[in-house]
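Just so it is clear, none of the values below were taken in a lab; they were calculated from the coordinates. Just so it is clear, the structure is predicted and the values come from calculations on it, not from any experiment. Neighbour counts run over all protein chains shown; Cβ positions are idealised from the backbone, glycine included.
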Amino acid sequence: MKIQASLPLQQVEGVRGSGKGARGKASDAAGDRVRLSSEARFIQDLRDAAGALPEVRGDAVAQARADIASGTLGTPDDIEATIDGILAGF
């Protein structure tokens, strides 16, 4: 999954490596800085969270869908076993 945003950054100060900012002035000794809008920070948080998710196994999802459609998955016994497994984790 790829998340793309069209929200602009608020401000970019300086250019790393040139020693001069966007207007030709010497940059701060502390280095360059980028200030992100709250929306950009939110999108970055979403990207970080999405990156932490495990990969989706398409083959397993397709098999589960086929089993549900054929009636071999999602039976009352399956549902009860799933609930028991979830509750056992608490």
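Distant-in-sequence amide contacts of Ser37, defined by a placed amide H-H separation under 5 Å and a gap of 5 or more residues or a different chain, comprise Gln10. Computed from phi, the 3J(HN,Hα) profile of the stretch 36-48 under the Karplus parametrisation 6.51, -1.76, 1.60 (θ = phi - 60°) reads 9, 5, 4, 5, 5, 5, 4, 5, 5, 4, 4, 4, 4 Hz, with x in place of Gly and Pro. For Leu73, nonlocal amide neighbours, meaning residues 5 or more places apart or on other chains whose placed amide H falls under 5 Å from its own, are Ile68.
Modelled spin labels at Gln44 and Ala64, positioned 7 Å past Cα toward Cβ, are 3.3 nm from each other.
Working ranking of peptides 34-41, 75-82 by packing, defined as the average number of other Cβ atoms within 10 Å per residue, highest first, is 34-41, 75-82. The Cα atoms of the stretch 47-90 give a gyration tensor whose axes a ≥ b ≥ c have a/c of 1.5 or more with a/b no greater than b/c, which makes the shape oblate. Potential lengthening of the chain between Ser37 and Ile86 amounts to 13.7 nm, from the contour at 0.36 nm per residue minus the alpha-carbon distance.
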